[in-house]
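Participant: Quick one: this structure, given as structure tokens, is what I'll be asking you about.
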Amino acid sequence: MQFLRKLYDWVLHWSETQYGAAALFVLAFAEASFFPIPPDALLIALVLGSREKAFKFALICTAASVAGATAGFGIGHYLWWDSPENFSALANFFFANVPGFTKELFFNVRNLYNEWNFWIIFTAGFTPIPYKVFTISGGAFDINFLLFITASVVGRGLRFFLVAGLIWKFGEQIRTFIDKYFNTLAILFTVLLIGGFVAIKYLI
């Protein structure tokens, strides 16, 4: 928990600088394509510091995340294969370093796209299911790009505007709750993250 706490505090410290909005954009962009830490914690901190800008921050977070999803799609489409069915060095790096992102899971995601289309992208964008797995896989399997973007905008937008709306409504009570129960919430987050990968396998 100590490592997670330090990482959490590092993310939050950007909310106390003039670069908070820029850091939110970078974090949301990176999380949608390769970075493991979601931008929600920084979004919460920024809204707490300036509640009148709550929905502006939610818009920044949504736009950056969709842009990051597009980058993830591009990674999958242009950089994932050396030749048909042969992974590139970059793909093998992802498999080796992104927890839970296995070759088996990658190929199984194709079945989810074939069966659920819009809804699986929306679900991955809105829930703890690992979004980057679907952004990269979407490009690698060359799914419909317009469908991909539409589902991403809806899923990510609902998530971040809901978070911003809750903080705008309840304010400091949320921060107090997070600080008081951080260890429990960190464990819960880890369980949800692992559960996201389990859910993918279950859906398949």
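Participant: Going by what's in this entry, would S50 be described as surrounded by 15 or more Cβ atoms within 10 Å (Cβ to Cβ) and of a type in the set (S, T, N, Q)?
Facilitator: No: the conditions fail for S50.
Participant: Same structure again: Is it fair to say I121 is among the aliphatic types (A, V, I, L, M) and at pLDDT 85 or above?
Facilitator: yes
Participant: Could you please find all residues in the range 123-152 being buried (at least 18 other Cβ atoms within 10 Å of the Cβ) and of a type in the set (V, I, T)?
Facilitator: T123, I129, V133, T135, I136, I143
Participant: Residues that are without any contact (Cβ under 8 Å) to a residue 60 or more places away in the chain, at least 2 per element: which helices (runs of 4 or more DSSP H) completely within the range 98-166 meet that?
Facilitator: Qualifying helices (runs of 4 or more DSSP H): 103-116, 118-126.
Participant: Out of all the residues in the range 75-103, which are under 11 Å from F141 (Cα atoms), open to solvent by less than 30 Å² (accessible area, probe 1.4 Å) and either touching a Cys at 6+ places or on another chain (Cβ under 9 Å) or of a type outside the set (A, V, I, L, M, F, W, C) (or both)?
Facilitator: If the condition is that a residue be under 11 Å from F141 (Cα atoms), open to solvent by less than 30 Å² (accessible area, probe 1.4 Å) and either touching a Cys at 6+ places or on another chain (Cβ under 9 Å) or of a type outside the set (A, V, I, L, M, F, W, C) (or both), then G76 is the only one that fits.
The values are calculated or read from the model by the stated rules, or taken from the named source; none is laboratory data. Computed from a prediction, not measured in an experiment: that's the story for all the values here. Backbone-built Cβ (ideal geometry, glycine too); neighbour counts: all protein chains shown. Quick note on the areas: whole protein, heavy atoms, side chains included, nothing else; ligands and nucleic acids left out. Shrake-Rupley method; radii C 1.70, N 1.55, O 1.52, S 1.80 Å.
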